[in-house]
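The values are calculated or read from the model by the stated rules, or taken from the named source; none is laboratory data. Please read all numbers here as calculations on a predicted model, not as lab measurements. Ideal geometry is used to build each Cβ from the backbone, glycine not excepted, and the neighbour counts take in all protein chains shown. For the accessible areas, the whole protein counts, side chains as well, though only heavy atoms, and no ligand, DNA or RNA atoms are used. Shrake-Rupley method; radii C 1.70, N 1.55, O 1.52, S 1.80 Å.
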Amino acid sequence: MKAVIYTKYGTPNELTCIEVEKPQPKDHEVLINVHAASINSWDWDLLRGTPFLVRIGAILKPRYAILGADIAGRVEAVGKGVKQFVPGDEVFGDISGCRWGGFAEYVCASEKALSLKPARISFEDAAAIPQAAVLALQGLQIKGLLREGAKVLINGAGGGVGTFAIQLAKLYGAEVTAVDSTTKLPKLQALGADFVMDYTKDDFTKSGKKYDFILDVVGNRSLFDCKRALNPDGHYVMVGGTVPRIFQVMFLSPLISLFSKKKMGLLMHKPNQADQNELMALWESGKLNPVRDRQYPLDDVAEAFSYFGKGQHIGKVMIRVK
């Protein structure tokens, strides 16, 4: 089978599409004929080996030869212990907990990582959902904070997580401010953002406006600056950022929360079927739509990563495998 591999950390030039041995499913795994996949920030970090946290347990050499967590495809074979799926089922899921491997014609994954794909949704749309949409959903659901009229700010709203978060926050009835670069703002308004802010011109932490909830996808402002932008009982949740910012949130947010009604924290990614199924139900009801940017064939994954790394994409960058 064809697969895109890399053997050392670095640039997209390290990615090579070659022929490798087709995997075989273990007892509780299914073999998936991959039709589509998508790139996430986690793929980008693992390719480069930065931040250094991604190298834990694999300091000198990548742990996974084949990247790709978000996939959609058709079940070709199942292990003897599989209960949920049979050959021919169309599935999608986040396989980051199953040794990755989505940028290939075939991949094996635990049945617990997968959900059934409705026939009406394309493989491309299904592959755009798992990791980014689950992160958005889990980030917004922390402590059940969202309510009708809540003022929500999404920092880094133009990527995969952010474009889903805008739609989900509006479903809760929130007032949404989306922060990103100039060219992305019209699309963010079209998705439902009530207000947009160009981070190259304005700093949301200095605007004077206060928010009930800040979902931070990029972590490009200090924790204390973000605290200043919160209402007295507001909450800040970080889902992405640099290592220094991650450590800042990990160690300082408990102290801030201890001496203030403002709560600040870091979201730990927890892929699961229940969230995937909930998100797919929203798609079926017409309430949630993946935003897909460019699409590349498997042979051009290196080019896709180069485009992704520029940060100019809106929503998800897709890989067409089948």
Q: Compute log10 of I(q)/I(0) for segment 28-80 with the Debye formula, placing one identical point scatterer on every Cα and leaving out solvent, at q = 0.16 Å⁻¹, to two decimals.
A: -0.61
Q.
Rounded to the nearest angstrom and ordered from largest down, what semi-axes does the equivalent ellipsoid of segment 198-322 get from its C-alpha gyration tensor (root of 5λ)?
A. 32, 19, 15
Q.
Using DSSP to call loops (not H, G, I, E or B), can you name the GluC sites (Glu not before Pro) in segment 93-181 whose Cβ has at most 14 other Cβ atoms within 10 angstrom?
A. E148
Q. For the chain, what's the relative contact order in percent, using C-alpha pairs closer than 8 Å and at least 6 residues apart?
A. 19
Q.
Restricting to DSSP loop positions (anything but H, G, I, E, B) with no more than 10 other Cβ atoms inside 10 Å of their own Cβ, which GluC sites (Glu not before Pro) remain in segment 2-38?
A. E21
Q: At most 14 other Cβ atoms within 10 Å and a DSSP loop assignment: could you name the trypsin sites (Lys or Arg not before Pro) in segment 1-101 that fit?
A: K8, K26, R63, K80, K83
Q) Carbon and sulfur: what percent of segment 158-216's accessible surface (1.4 Å probe)? A) 52
Q. Say the cut-off is 32 Å between C-alpha atoms; which of K209/K316; K2/K26; K8/K270; K26/K187; K210/K270; K2/K184 go over it?
A. K26/K187; K2/K184
Q | Relative frequency of Cα-Cα separations exceeding 23 Å in segment 101-202, percent | A | 37
Q) ³J(HN,Hα) across segment 13-29 via Karplus (A = 6.51, B = -1.76, C = 1.60, θ = phi - 60°), whole Hz, x for Gly/Pro? A) 5, 6, 7, 9, 8, 9, 8, 10, 6, 5, x, 10, x, 7, 3, 10, 10
(Q) With a 1.4 Å probe and all protein chains kept in place, how much accessible area does D202 have, in Å² rounded to the nearest 10? (A) 80
